[in-house]
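So the structure is just underneath, and the comments pick up after that.
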Amino acid sequence: MENTKVIGLDMMQVKRERLSEQIAEQIQRNIIEGKLKQGDRLPPERDLAEQFGVSRTVIREATKVLQERGLVKVITGSGTYATRIEPAAVSQSIGLFVQGYKHSFRDLLEIRRMLEVEVAGMAAERATDEDIQQLTACIDEMNAVLPEIRNSKDKMEDFVEADLRFHQNLGKASSNSLLPILLLPITDLLLEFRRKASSFPGAPERAITFHQTVLECVRSRDSHKCREAMRNHLSSTEEFLELMVEDENN
């Protein structure tokens, strides 16, 4: 008899969860299709419960699901509002997933290589004059702080940030709106590695040289050479990883 009750309760929980998911999916579809636009207020909880023929508890669970997906914002005393999915939120979710499952550093580097080599080739084919100016500005900034990074932590940080912006701007120059979103969490997770790698003698100078080579390939619209230049750059970066691992183990 006790087992029967437990099974019954489990079935009720599964059913309720399924209902909230189904309702969340329906509201999500309305947001994605533009029927509910950013800033639109959803009907009150009571009205939604009547419309879907469920309890208000189920509506609250569905709202929580939508909140976790970044599709609605609940303002206490005001209501629930449709929001726009921001690229930064998507990148953050990917980053949290990678961290939560403790993927190895080498996994990140492999994914980065797969994405950024193709990004470089696409940038060579599609970059605008403004994109090239932004890439040039990043290298100019790296060169400007280079003489001081050995004696200044702030200058080293400026160098690393300019390095990061170069890769972000290269993603933008690919004219593929999804690539920067996919690359951002990976580059963020590798940020500390960039700091450590840049502290190795000769590493900043080599980074600038590789960036300059990639930029020249973008300027000349040579996608094949640009992919090769990025591949060489990332291979060099991985060599520094090996040195870091050896140094930490000794």
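Suppose R0 equals 22 Å. What FRET efficiency, 1/(1 + (r/R0)^6) with r the Cβ-Cβ distance, do residue 206 and residue 125 give to the nearest 0.05?
For R0 = 22 Å, the calculated efficiency reads 0.25.
Taking θ = phi - 60°, what integer Hz values does the Karplus form 6.51 cos²θ - 1.76 cosθ + 1.60 yield along segment 216-228, in sequence order, with x for Gly and Pro?
Those phi angles translate into 5, 5, 5, 4, 7, 6, 9, 5, 5, 5, 5, 5, 5 Hz.
Sequence-distant or interchain residues sharing an amide H contact under 5 Å with residue 72, placed H: which?
HN-HN under 5 Å from residue 72: 67, 83.
Arrange the peptides 162-174, 191-203 so that the one whose residues have, on average, the most other Cβ atoms within 10 Å appears first.
Most protected by this proxy first, the peptides run 162-174, 191-203.
What's the extension gain from residue 67 to residue 51 if we count 0.36 nm per residue and subtract their Cα-Cα distance?
Using 0.36 nm per residue and subtracting the Cα-Cα distance, I get 3.7 nm.
Work out from phi, with θ = phi - 60° and the Karplus expression 6.51 cos²θ - 1.76 cosθ + 1.60, the ³J(HN,Hα) of each residue of segment 126-136, listed in order in whole Hz, and give x for Gly and Pro.
Each residue of segment 126-136 in turn: 10, 4, 8, 4, 5, 4, 5, 5, 5, 5, 4 Hz.
Under the Karplus relation 6.51 cos²θ - 1.76 cosθ + 1.60, θ = phi - 60°, what is the ordered set of whole-Hz ³J(HN,Hα) values for segment 40-45, x standing for Gly and Pro?
Computed from phi, the couplings for segment 40-45 are 5, 8, 6, x, x, 3 Hz.
What residues qualify as long-range amide H neighbours of residue 40, i.e. H under 5 Å apart, gap of 5 or more or another chain, H built at 1.01 Å from N?
Residues meeting the amide H criterion: 82.
Could you give the length gained by full extension between residue 18 and residue 60, i.e. 0.36 nm per residue of separation minus their alpha carbon distance, to one decimal place?
Full extension from residue 18 to residue 60 adds 13.8 nm.
Each reported figure results from applying straightforward, stated rules to the coordinates on display, with no laboratory input. What you see is a predicted model, and the numbers here were worked out from it, not measured in a lab. Neighbour counts are summed over all protein chains in view; Cβ atoms, including those assigned to glycine, are modelled from backbone coordinates with ideal geometry.
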